[in-house]
Amino acid sequence: MTGYRGRFAPSPTGPLHFGSLVAAVGSYLDARCQGGEWLLRMEDVDTPRNVPGAADDILRTLEAFGFEWDGPVLWQSQRLDAYAAALEHLRQAGLAYPCVCSRKEITDSAMRPAVDGGPAYPGICRAGLPSGRAARAWRLRVTDEETAFVDRLQGRQAQCLESDVGDFVLRRADGLFAYQLAVVVDDTWQGVTDIVRGADLLASTPRQIWLQRCLGYPQLRYAHLPVAANAAGEKLSKQTRAPALDSNRAAAELLRALRFLGQPAPAELASSRPAEVWTWARQHWDFAALPRQGSIALANQADNGR
Ligand code: GLU
């Protein structure tokens, strides 16, 4: 063991598709080829988005594709006490504050858009709650300093959290803990050192680094892989109706994911078993060959994802 610990953290909002496979393959091979561990975490904290049966389906698919994770799966739905404790710590440190604002109030008074859509929170409740109104959400105070990091693939990234995002939500108005808080608490609690995931999460990373600093956690290493997009340039997702991975075609899909990741896996592997694809992949994995764009369209494959 080298002290490297990676992870794959799917949300059970539907079956795995080719885009999720790319992230799983990238994080798995980066971990294994550095003698590292690879953990699996089910991000089922956003309960309204969970789809019944999806988590089991994801686990079965990963098994059929030959992924081998270390230790038991961590379920975020079992971790609510840890998120509550982190929020309490931030509250006591004066870093988290309650907020009454509705979406409309924020939109009406926002000065600028946030990096990943929606308005940047203009700090309405920073100085205290307006009288007579009950808190809905909890937010984390950010600053106007630059929060920067060097991504192993995408290079230097920087945001001014105050203008690019605004004080962001840790606990939502519906009482659920936000992805940003859960992911940071769990990555550190699980001893993760390296995050390899899709570039759709690149814009979230400065928030996660800021949270790590506020909680006194170490900063992790990041590599953001290009996301797979359809011909219209849309990220493959449930919303864009990306087809579910077919476990009967596991070797062929793994081969396709390797090629997407710039690894010249031989075409004959498509008709082999997943174990043989993994043997090739572990022997030939070349981090330097990974593409560095934010997204890559799957030419001529968009509609059926094949
Ligand atoms: N659960 C997130 C997703 O499925 C990924 C979180 C992460 O890798 O940080 O998009």
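The values are calculated or read from the model by the stated rules, or taken from the named source; none is laboratory data. Quantities reported herein were computed from a predicted structural model and do not represent experimental measurements. All Cβ positions, glycine included, derive from the backbone under ideal geometry; neighbour counts span all protein chains shown.
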message: Just to verify a result, which residue in the stretch 143-169, among those that are of a type outside the set (D, E, K, R) and farther than 23 Å from residue 195 by Cα, is nearest to the chain's Cα centre (by Cα)?
response: 166
task: Might you check whether a residue that is among the aliphatic types (A, V, I, L, M), in contact (Cβ under 8 Å) with a residue 40 or more places away in the chain and within 29 Å of residue 216 (Cα to Cα) occurs anywhere in the stretch 46-66?
output: no
field: Filter result for residue 86 (over 30 Å from residue 290 (Cβ atoms), aliphatic (A, V, I, L, M), at pLDDT 95 or above and crowded, with 18+ Cβ neighbours inside 10 Å)
entry: yes
message: Take residue 182 and tell me if it is under 24 Å from residue 236 (Cβ atoms), hydrophobic (A, V, I, L, M, F, W, C) and within 16 Å of the ligand (Cβ to nearest atom).
response: yes
message: Of everything in the stretch 97-112, what is modelled with pLDDT under 90 and touching a helix residue (DSSP H, G or I) at 6+ places or on another chain (Cβ under 9 Å)? Give them in sequence order.
response: 111, 112
Candidate set: the stretch 51-69, residues that are within 19 Å of the chain's Cα centre (by Cα) and part of a loop (DSSP other than H, G, I, E, B); chosen: the one surrounded by the fewest Cβ atoms within 10 Å (Cβ to Cβ): 51
- prompt: Out of the residues in the stretch 1-27 that are more than 11 Å from the ligand (Cβ to nearest atom) and more than 23 Å from residue 251 (Cα to Cα), which is modelled with the lowest pLDDT?
  reply: 1
query: Pick from 137, 64: which is out of contact with any strand residue (DSSP E or B) (no Cβ under 8 Å at 6 or more places or on another chain) and at pLDDT 90 or above?
result: 64
query: Is there a residue being touching a Leu at 6+ places or on another chain (Cβ under 8 Å), assigned to a loop (DSSP other than H, G, I, E, B) and over 18 Å from residue 13 (Cα atoms) anywhere in the stretch 37-48?
result: no
- request: Determine which member of the set 193, 205 is touching a Leu at 6+ places or on another chain (Cβ under 7 Å) and modelled with pLDDT of 95 or more.
  value: 193
